[in-house]
Amino acid sequence: MQPFAEGGNRRCFIHPEKENRCLKVTVEGRAKILKQNAPWYKQLRSVESFDDNLREKEGYAQRALKKNHLNKWKHLAIWYGIVETSIGSASETELIRDHENNVAITLEKYLLTFGMTERIKRAISDLESWLRLTLILTKDILPHNIVVGDEDGQLILKIIDGLGSKSFLPIVNISNFFAKIYVERRIKLMHFRINQDLSK
Ligand SMILES: Nc1ncnc2c1ncn2[C@@H]1O[C@H](COP(=O)(O)OP(=O)(O)O)[C@@H](O)[C@H]1O
Ligand SMILES: [Mg+2]
């Protein structure tokens, strides 16, 4: 079976039984290499703490996602948990597709191909409003960790990787005040990364 995509750390497969689910398997030995390359102050952490699937699990367990917010999944691939597969444990998530039912492309690819169209501008601003409203915490929001899905003919952005907060800021997990500052900063950096992609 071939992965449909591969990130820096995980290989992504279409679920063999459910066409709208994605299975992400950490590339073997990847967590160990990440640990070896980490700065000295992170060396005390266990190898497991470098596994992206466990990071993802924590990201989805954050406070903002425990609330019964009506739109909390609007810009996220839904998470179904960690499952065991024949090639290791996998993170099972909603597979995002475009209006032709193809697997959605990343925002990075979209920008490189089509540039800043009116449709994508609107989709980016929707994502921004949603981040401010829900205060869902993400690590840096990178265009290759967002995919461009479809909702009733409109483009809709979905974050597929990088959920959670940067580990050195535990306060943002408990305080709305600090979460707001944190989210604003992530939005600013997201625009910076988008402009970087546009200038490529
Ligand atoms: N739920 C999803 N729906 C559609 N495409 C996805 C999904 N999850 C991942 N992808 C694709 O797979 C690539 C790698 O996934 P990602 O979760 O970013 O892995 P990594 O942890 O290795 O960075 C993404 O850049 C994207 O192209
Ligand atoms: Mg990624």
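The numbers here are math on the coordinates, done by the rules we state, and not lab data. Remember, predicted model here, so these are calculated numbers, not experimental data. All Cβ positions, even for glycine, are placed from backbone atoms using ideal geometry, and neighbour counts span all protein chains on display.
What the table shows:
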| read-out | value |
| --- | --- |
| Amide proton proximity set for R10, modelled H, under 5 Å, gap of 5+ | V27 |
| For the stretch 1-140, diffusion coefficient by Stokes-Einstein and Kirkwood Rh (Cα), 37 °C, 0.692 mPa s, µm²/s | 192 µm²/s |
| Residue-wise HN-Hα coupling along the stretch 23-28, computed from phi with Karplus coefficients 6.51, -1.76, 1.60 (Hz; x: Gly, Pro) | 10, 10, 10, 5, 4, 4 |
| Axial C-alpha extent at least 20 Å, average Kyte-Doolittle at least -1.0 - helices from the chain (DSSP) | 118-134, 176-198 |
| Stokes-Einstein D (µm²/s) once Rh is taken as the Kirkwood radius of the stretch 50-102 over alpha-carbon pairs, at 25 °C in 0.890 mPa s | 192 µm²/s |
| Cut-off 14 Å between beta-carbons: net charge of the residues surrounding D152, Lys and Arg +1, Asp and Glu -1 | 0 |
| Within the stretch 1-61: Cβ-based charge dipole about Cα centre, in debye rounded to nearest 20 (Lys, Arg +1; Asp, Glu -1) | 200 debye |
| Fluctuation leader among L163, L95, L65 - the chain, Gaussian network, Cα springs under 10 angstrom | L65 |
| Percentage relative contact order, the stretch 5-199, counting C-alpha pairs under 8 Å, at least six apart | 20 percent |
| Mean ellipticity per residue at 222 nm, deg cm²/dmol - from DSSP H runs of n ≥ 4 across the chain, formula -39500 (n - 2.57) | -10500 deg cm²/dmol |
| Cα-Cα over 19 Å, subset of K24/K166; K109/K158; K24/K74; K42/K166; K42/K188 | K24/K166; K24/K74; K42/K188 |
| Under-5 Å amide H pairs with L95, H placed in peptide plane, nonlocal only | R21, C22 |
| Packing-based ranking, highest mean first, of 188-197, 127-136 given that Cβ atoms within 10 Å are counted | 127-136, 188-197 |
| Burial ranking of peptide ranges 80-93, 98-111 (average Cβ count within 10 Å, highest at the top) | 98-111, 80-93 |
| Unit charges on C-beta of K, R, D, E only; dipole of the chain, Debye | 900 debye |
| Filter on K67/K200; K32/K67; K18/K72 - keep pairs with C-alpha separation over 31 Å | K67/K200; K32/K67 |
